[in-house]
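**Student:** Just dropping this structure here.
Any read-out appearing in this document is the output of simple, stated calculations on the displayed coordinates, not a laboratory observation. From a predicted model like this one, the values you see are computed outputs, not experimental measurements. Cβ: placed from backbone, ideal geometry, glycine included. Neighbour counts: every protein chain shown.
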Amino acid sequence: SEKISQAITPNGDGKNDTWIIEGIEQYPKAHISVYNRWGEAVFTATNGYQNDWAGVYKNNREILPTGPYLYIIDFENNGKIDLKGWLYISD
């Protein structure tokens, strides 16, 4: 069972600065999406994930507003949702 961080605090203090999904390196094809409360995709990883997303909008440097975000993970990239849940971004 993969342990998925439920919160990111991207303030540069070295703790919870990026979103960590333990064991994700075992899934090089993983497709991951994170959505805001209006259903807009704010982050997508299509060929695996390096545990390096710092809560920024798409790939720019602008940190997303504080609040809950829905994540969806498809480990094999086969169109089947393997995990979904909520992630909270705060500063």
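**Student:** Taking chymotrypsin sites (Phe, Trp or Tyr not before Pro) as candidate sites, keep only those in a DSSP loop with at most 14 other Cβ atoms within 10 Å, then name the longest stretch of the chain containing none of them. Before the final figure, lay out each step's value.
**Tutor:** Details: sites that count: TRP38, TYR57.
Value returned for the longest uninterrupted segment is 1-37.
**Student:** If you average the C-alpha positions of the stretch 16-55 and of the stretch 59-81 separately, how far apart do those two centres end up, in angstrom?
**Tutor:** Comparing the Cα centres of the stretch 16-55 and the stretch 59-81, I get a distance of 5 Å.
**Student:** Using DSSP, restrict attention to beta bridges with both residues in the chain and report what percent are antiparallel, rounded to the nearest 5.
**Tutor:** If we restrict to bridges inside the chain, about 90 percent are antiparallel.
**Student:** Follow-up. Grab the beta carbon distance between ASN78 and GLU25, set R0 = 25 Å, and tell me the FRET efficiency rounded to 0.05. Walk me through the intermediate numbers first.
**Tutor:** Values: r = 18 Å, r/R0 = 0.74.
For ASN78 and GLU25, the calculated efficiency is 0.85.
**Student:** Under a cut-off of 16 Å between alpha-carbon atoms, report the lysines in cross-link reach of LYS29, not counting same-chain residues fewer than 8 places apart.
**Tutor:** LYS80
**Student:** If you don't mind, there's one more thing I want to ask. Straight-line reach from LYS15: which lysines have Cα under 22 Å away, leaving out those fewer than 8 places along the same chain?
**Tutor:** LYS15 reaches LYS3, LYS58.
**Student:** How long are the three semi-axes of the equivalent ellipsoid of the chain, in whole Å, if each is the root of 5 times an eigenvalue of the C-alpha gyration tensor, listed from largest down? Before the final figure, lay out the partial values.
**Tutor:** Values: eigenvalues 81, 42, 27 Å².
Here the semi-axes work out to 20, 14, 12 Å.
**Student:** I want to check the label-to-label distance for SER5 and ARG37. Put each point 7 Å from Cα in the C-beta direction and report it in nm to one decimal.
**Tutor:** 2.3 nm
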